[in-house]
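Reading through the structure tokens given below for one structure.
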Amino acid sequence: MPENYQSGDVEPISGSYVHTEVEGVDHRIYFEENGPEDGVPLLCQHTAGNNCQEWRHLLTDEAITEEFRVIAHDLPYHGKSVPPTSQKWWTEDYTMTAEKFTETLVNLADALELEDPIYMGSSMGGNIALELADWYPERFRALIGLECGAHSPGFYIDWLDHPEVNTTEVNAYSCWGLMAPQSPEQTRRETMYLYEQGATGVFKGDLYYYSVDHDYRDKLDQVNADECPLYIANGEYDYLTTPEDGRQTAEGIGDGATAIEFAEIGHFPMSEHPELFNAYITEVLADVTGDRDEELPDVLEPDDVGIELHQQGPAREKPAE
Amino acid sequence: MADTELGTHEWWESYKETVNGDPEMEVRGHDKFSENFYVEIGDERVLLEMDGGEVENLVPNPTMNHQWSFGVEGDRETWEEFVQETPPAFNHEIIASHYRTAVRNEDGHLQLTGDNKRIFQHLRAFQRTLDLMRVAHNDGGS
């Protein structure tokens with residue numbers, strides 16, 4: 001992972017805007033990409049209330065972008081995807097639903113003319129893999145649901161959009177414990193910094209989909225993983241959708257669904273610990289493309305992918321007596 | 001500090017020093033985190049009287065003469081997990097722990113009590129204050 005940039009280095013990520021309709025309304029959607037034009041398209045979805053910057057370390061991973069055309073977008077109302085200019089969007093609450101979310105993703109893939117793309121998303125982006133497999137299995141080569149579960153209740157919280165609460169901080173730091181404490185502090189703090197950039201009400205509106213609208217507990221037999229392979233990869237420290245939740249979801253779906261636990265990492269794997277995540281996801285992507293001979297293990301550990309965990313810290317000395 | 005048992009007088013005094021010397025608390029306490037809260041470890045309750053992001057007083061066994069906005073409760077084993085240098089999943093942070101208790105109805109995790117509005121108004125400073133228990137317990141860390 002090229003982290004040692006020097007002054008004058010230009011990262012190979014490019015950014016563009018594409019227009020696409022969602023619910024009959026034109027949206028100007030920002031996306032960043034890196035990788036060969038004829039590479040396998042890998043469409044990356046950010047978490048609730050965040051933006052495509054969560055994927056910046058995957059977008060600059062030379063080994064992955066040698067084979068894959070990695071594309072990370074900002075959903076409407078997130079990051080640089082400003083609200084639609086034709087709507088009085090300020091007169092109603094922002095609310096995400098499964099229908100709107102899947103339509104956005106499929107229309108975006110169509111607008112970018114992505115042929116047989118792999119979809120990958122985390123958290124709300126992980127849960128939506130179930131709806132995509134249910135409703136649009138023919139549109140994707142494979143679906144990777146990171147931090148994915150059939151049901152993830154309890155996070156549609158009023159305090160995340162309240163005039164007497166500092167929502168900038170609260171939206172971020174209500175997520176602090178979703179990361180593994182052994183992930184590097186710099187990248188954990190950066191993940192929270194990205195959260196602090198979200199627009200008012202958007203995080204909570206996303207969580208309507210995440211914690212209310214999305215409930216596949218009684219619908220897992222509808223998921224077409226036998227038509228479109230579905231990988232459910234959940235971090236050990238993800239208390240919202242645990243690795244056990246992922247296993248139960250995959251078991252409920254049956255053929256074509258694979259659950260895998262990512263050890264020593266949490267709910268924001270791609271941004272909280274990019275080095276470890278990129279190594280883990282390389283194994284999953286190799287399985288998708290058929291470049292991996294062995295079955296994926298039930299649990300991937302840092303040692304399995306040649307990553308030595310960072311020491312806690314940097315250690316901070318206690319104040320002098 | 002690791003040689004000092006969690007919750008002893010010496011432990012709390014060292015913890016107070018850690019909080020009051022923490023550079024992040026200087027920034028994110030905003031000089032406004034003055035909500036008192038209690039920590040209950042098993043049957044032992046200690047009130048932390050906060051003033052501008054610093055622990056002003058530690059009050060063992062607070063009574064009706066004292067005032068607080070919220071608290072954190074858990075058995076000793078759960079707190080022992082919480083203060084480990086690398087704590088186990090779900091007991092590594094207060095919202096994580098509370099979620100497993102309040103939403104998933106699991107035992108063995110910490111639970112928040114009291115005024116939720118005040119908790120969220122001061123979440124980051126309150127959360128940092130609790131995380132510093134880990135720093136104090138292990139003689140440093142992040």
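Could you give the C-alpha radius of gyration of the protein assembly as shown expressed as a fraction of 2.2 N^0.38 Å, taking N as the number of residues it contains? Could you put the intermediate results ahead of the total?
On the way: Rg = 22.6 Å, N = 463, 2.2 N^0.38 = 22.7 Å.
Working it through for the protein assembly as shown, the quotient is 1.00.
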So who's got an amide H within less than 5 Å of the one on B:Met50, skipping anything under 5 residues away but keeping other chains? H placed 1.01 Å off N, in plane. B:Asn36, B:Phe37, B:Glu56
In terms of the Cα gyration tensor, with a ≥ b ≥ c the square roots of its eigenvalues, is chain B rounded because a/c is under 1.5, prolate because a/b exceeds b/c, or oblate? rounded
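On full extension of the chain, what length is gained from A:Ser86 through A:Glu227, given 0.36 nm per residue of separation minus the C-alpha to C-alpha distance? Walk me through the numbers on the way to the answer.
Values: separation 141, 0.36 × 141 = 50.76 nm, distance 3.79 nm.
Answer, rounded to one decimal: 47.0 nm.
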Name the long-range amide H neighbours of A:Arg141: under 5 Å, sequence gap of 5 or more, or other chain; modelled H, no Pro or chain starts. A:Ile118, A:Tyr119
Hey, what do the phi angles of segment A:40-55 turn into as Karplus ³J(HN,Hα) couplings, whole Hz, using 6.51/-1.76/1.60 and θ = phi - 60°, x for Gly and Pro? 5, x, 10, 8, 10, 9, 6, 7, 4, x, 10, 8, 5, 4, 4, 9
Across segment A:185-202, in residue order, what do the Karplus-derived ³J(HN,Hα) couplings come to in whole Hz, using 6.51 cos²θ - 1.76 cosθ + 1.60 with θ = phi - 60° and x for Gly and Pro? 4, 4, 7, 5, 5, 5, 4, 5, 4, 4, 4, 6, 8, x, 6, 4, x, 6
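On average, how many beta carbons from a partner chain sit within 10 Å of the beta carbon of a residue in A:163-174? Walk me through the numbers before you get to the answer.
Working: counts 0, 3, 7, 6, 1, 1, 9, 6, 1, 2, 10, 6.
Other-chain Cβ atoms within 10 Å of each residue's Cβ, averaged: 4.
Applying a 10 Å radius around every beta-carbon, put A:103-112, A:86-95, A:53-62 in order of their mean neighbour count, most first. Could the numbers behind the result be given before it?
Numbers: A:103-112: 19.4, A:86-95: 11.3, A:53-62: 21.6.
Top of the packing list down: A:53-62, A:103-112, A:86-95.
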What length, rounded to one decimal in nm, is gained on full extension from A:Thr95 through to A:Asp38, with 0.36 nm per residue of separation minus their alpha-carbon distance? 17.0 nm
Taking +1 at the Cβ of each Lys and Arg and -1 at the Cβ of each Asp and Glu, which of A:Tyr195, A:Trp176, A:Trp159 sits farthest along the dipole of the protein assembly as shown towards its positive end, judged by Cα position relative to the Cα centre? A:Trp159
Under the rule of at least 5 residues apart or a separate chain, name every residue whose amide H is placed under 5 Å from the amide H of B:Ile41. B:Val46
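Averaged across the residues of B:87-98, what count of C-beta atoms belonging to other chains lies within 10 Å of each residue's C-beta?
Numbers: counts 4, 3, 13, 6, 2, 9, 10, 2, 8, 11, 2, 2.
What the average comes to for B:87-98 is 6.
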Stokes-Einstein D (µm²/s) once Rh is taken as the Kirkwood radius of segment A:1-146 over alpha-carbon pairs, at 37 °C in 0.692 mPa s: 209 µm²/s
For segment A:62-70, take each phi angle, set θ = phi - 60°, evaluate the Karplus expression 6.51 cos²θ - 1.76 cosθ + 1.60, and give the result in whole Hz per residue in order, putting x for glycine and proline. 5, 5, 6, 6, 6, 9, 10, 8, 7
Dipole magnitude (debye, nearest 20) for chain A, charges at Cβ of Lys, Arg, Asp, Glu: 1140 debye
Radius of gyration and Dmax for segment B:35-75's Cα atoms, expressed in Å? 9.7, 29
Helix-only estimate, please: 222 nm mean residue ellipticity of the protein assembly as shown, summing -39500 (n - 2.57) across DSSP H runs of length 4 or more and dividing by its residues, to the nearest 500. -9000 deg cm²/dmol
Tell me, A:Glu23, A:Glu37 in order of fewest to most beta-carbon neighbours within 10 Å? A:Glu37, A:Glu23
Over 30 Å between Cα atoms: which of A:Lys80/A:Lys204; A:Lys219/B:Lys117; A:Lys88/A:Lys219 fall into that group? A:Lys219/B:Lys117; A:Lys88/A:Lys219
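The numbers here are math on the coordinates, done by the rules we state, and not lab data. Bear in mind that the values here come from a model prediction, so they are computed numbers and not experimental data. Ideal geometry is used to build each Cβ from the backbone, glycine not excepted, and the neighbour counts take in all protein chains shown.
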